[in-house]
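I have placed the structure first, in the form of structure tokens, so that the comments after it can refer back to it.
The values are calculated or read from the model by the stated rules, or taken from the named source; none is laboratory data. Quick caveat: nothing in here was measured; it's all calculated off a predicted structure. Ideal geometry is used to build each Cβ from the backbone, glycine not excepted, and the neighbour counts take in all protein chains shown.
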Amino acid sequence: MMNISVNIEKTLAFLKPGDLEKLQPEINLHYNLLVNRKGVGNEFLGWLDLPDNMMDETIERINIDSKIIISQSEVVVIVGIGGSYLGAKALIEALGNHFRSFYKGEFPQIVYAGQNINGEYHAELLEMLDNKDYSIVVISKSGSTTEPAIAFRLLKTHLENKYGKEHAGKRIIAVTDAEKGALKQLADMESYSTYVIPDNVGGRYSVLTPVGLLPVAVAGFNIRELLRGAAEMKEHVFASSLISENIALLYAAARTALYRAGKPIEIMVSYTPSLMFLTEWWKQLFGESEGKQNRGIFPAGNVFTTDLHSMGQYIQEGLRVLFETVISIDKPGKDITIPFDISDADGLNYIAGKSMNEVNHTAELGTALAHVDGGVPNIRIGLPEINERNLGQLIYFFEFSCAISGYLLGVNPFDQPGVEAYKKNMFALLGKKGFEKEGEELKKRL
């Protein structure tokens, strides 16, 4: 059953009649290339079949290992960067309690390392771990990506000093390549429990592999329901190549038509703070997939109403080069009623008795109208509520839409050649072997 809806009515005034319909032949071409695995980048299309191919024994093993980790850990450190942590964090934040880390519950606190190379952050993390029982899930296909590799070296040393080498090894799970790479070699040598990142799945499309599933299970959420939702979306998107019948294609077509009409910036908006990191995951998915050959829609993100008090002015009256996509939740979950105050000093008695979610939803409706009136097209993606099944549908929806959007741009949506530029400069400046000459040249430019 499909739970997600897409409404593009508030984009049509910004497009010429027939703009969407004219995209259908292009979409037919790229859709067929994608589903038949014949388009550019087809060696990285393993994500298409993950909802069906994630084996029952792998899911069961993840659930068993997660229970072991939970039983021995107050804190679990997820080590990774980019696609190796963003998907898991997006789901855990969306499904969890906003203040979960501040109370003692039945599941461990989930924290992250290796998503930056800031010394203060990691020093304070180790200080916190001094007084906690903890375990590590380290996620890296190569094991040599700079940020997570540094963090894992620090944490591994700390863990071994705390528990001893043998016992520390039982508190580390590695999610890595099946056969090669520094982390795989270390995991074999130290007998870590391991899970495989499939060769044909790129990092930003890997949330439905153990990369995302293991951390989500450790946080106490139902990964079978997550995969069930993804499978439902897969069934939907594989059923038709028509924009009118396939919501992933409708979203891809609307954003492409707006891009071609002079709107190169997309703001992903939610009115639910717990979806902030879903937006961060979406930003990597679309930014890294589309931003090539001087093309692509720039992905930005806001949480309203918070960011209406910082970015609202620009969105309303700045350069008319952007459109917004709103993730709207019909039933946001817990709620609270605004009380009556006899003095009414703050002037809020006109909304006394209403729920905060009702007021929030009204703000969403009013903001959408204001932005459309101000020249900002609005796409609405609707979810009935936040749960594992609906998020599984949403993840697969965005992945499929992103692949089609990339093809419509004429780029390979599954590589990221530009990411290597900063790494080469960093290696050269730090004196890595083989980069000495480049390092000397770069230092002259600083």
For segment 288-302, name all the residues that are without any contact (Cβ under 8 Å) to a residue 60 or more places away in the chain and over 15 Å from the mean Cα position of the chain (by Cα).
N294, F298
Run A187 past the list (1) small (G, A, S); (2) under 22 Å from G87 (Cα atoms); (3) more than 25 Å from the chain's Cα centre (by Cα) and report the number of the one that doesn't hold.
(2)
Test Y259 against the criterion of being exposed (fewer than 15 other Cβ atoms within 10 Å of the Cβ), assigned to a helix (DSSP H, G or I) and of a type outside the set (A, V, I, L, M), and give yes or no.
no
Considering segment 205-262 alone, what residues qualify as being of a type in the set (S, T, Y) and in contact with a Ser or Thr (Cβ under 7 Å, 6 or more places away or on another chain)?
Y251, T256
I27 fails exactly one of the following numbered conditions: (1) in the same structural domain as V201 (by TED's automatic domain parsing); (2) in contact with a Leu (Cβ under 6 Å, 6 or more places away or on another chain). What is the number of that condition?
(1)
Cβ pairs under 6 Å, 6+ apart, first in segment 403-414 and surrounded by fewer than 23 Cβ atoms within 10 Å (Cβ to Cβ), second in a loop (DSSP other than H, G, I, E, B) and polar (S, T, N, Q):
V411/Q293
List every residue pair whose Cβ atoms sit under 6 Å apart, with the two residues 6 or more apart in sequence or on different chains, where the first one lies in segment 122-137 and is within 21 Å of L183 (Cα to Cα) and the second, anywhere, is part of a loop (DSSP other than H, G, I, E, B).
Y134/S73; S135/S73; S135/R171
Can you find even one residue in segment 371-384 that is over 26 Å from the mean Cα position of the chain (by Cα), in a helix (DSSP H, G or I), modelled with pLDDT of 95 or more and surrounded by fewer than 14 Cβ atoms within 10 Å (Cβ to Cβ)?
yes
Can you say whether K10 is assigned to a loop (DSSP other than H, G, I, E, B), in the same structural domain as G374 (by TED's automatic domain parsing) and more than 19 Å from G203 (Cα to Cα), as far as the supplied structure shows?
no
Of the listed residues (G353, G333, G347, G296), the one being in the same structural domain as N378 (by TED's automatic domain parsing), touching an Asp or Glu at 6+ places or on another chain (Cβ under 8 Å) and surrounded by fewer than 15 Cβ atoms within 10 Å (Cβ to Cβ) is G333
Check whether at least one residue in segment 54-76 is among the hydroxyl-bearing types (S, T, Y), buried (at least 18 other Cβ atoms within 10 Å of the Cβ) and farther than 24 Å from L409 by Cα, and report yes or no.
yes
Failed condition for A182, given (1) within 26 Å of S289 (Cα to Cα); (2) of a type outside the set (F, W, Y); (3) touching a Ser or Thr at 6+ places or on another chain (Cβ under 6 Å):
(1)
Selected residue (only one of L159, L129 is over 23 Å from D188 (Cβ atoms) and assigned by TED's automatic domain parsing to the domain that holds S84)
L129
Segment 337-377, residues that are in contact with a Pro (Cβ under 7 Å, 6 or more places away or on another chain) and aliphatic (A, V, I, L, M)
A352
Give segment 34-49 a look and list any residue that's touching a helix residue (DSSP H, G or I) at 6+ places or on another chain (Cβ under 7 Å) and part of a helix (DSSP H, G or I), or say none.
L34, W47
For residues that are touching a residue at least 60 places away in the same chain (Cβ under 8 Å) and small (G, A, S), tally how many sit in segment 186-204.
3
Among the residues of segment 236-253, is there at least one that is among the charged types (D, E, K, R) and either under 18 Å from M55 (Cβ atoms) or part of a helix (DSSP H, G or I) (or both)?
no
Being modelled with pLDDT of 95 or more, closer than 25 Å to F414 by Cβ, hydrophobic (A, V, I, L, M, F, W, C) and in contact with a Lys or Arg (Cβ under 9 Å, 6 or more places away or on another chain): is that true of L48 here?
yes
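Rundown of residues vs (1) in contact with a Ser or Thr (Cβ under 6 Å, 6 or more places away or on another chain); (2) modelled with pLDDT under 95; (3) within 15 Å of M233 (Cα to Cα); (4) among the aliphatic types (A, V, I, L, M), yes/no style:
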site	(1), (2), (3), (4)
M1	no, yes, yes, yes
G18	no, yes, no, no
L23	no, no, no, yes
N28	yes, no, no, no
V35	no, no, yes, yes
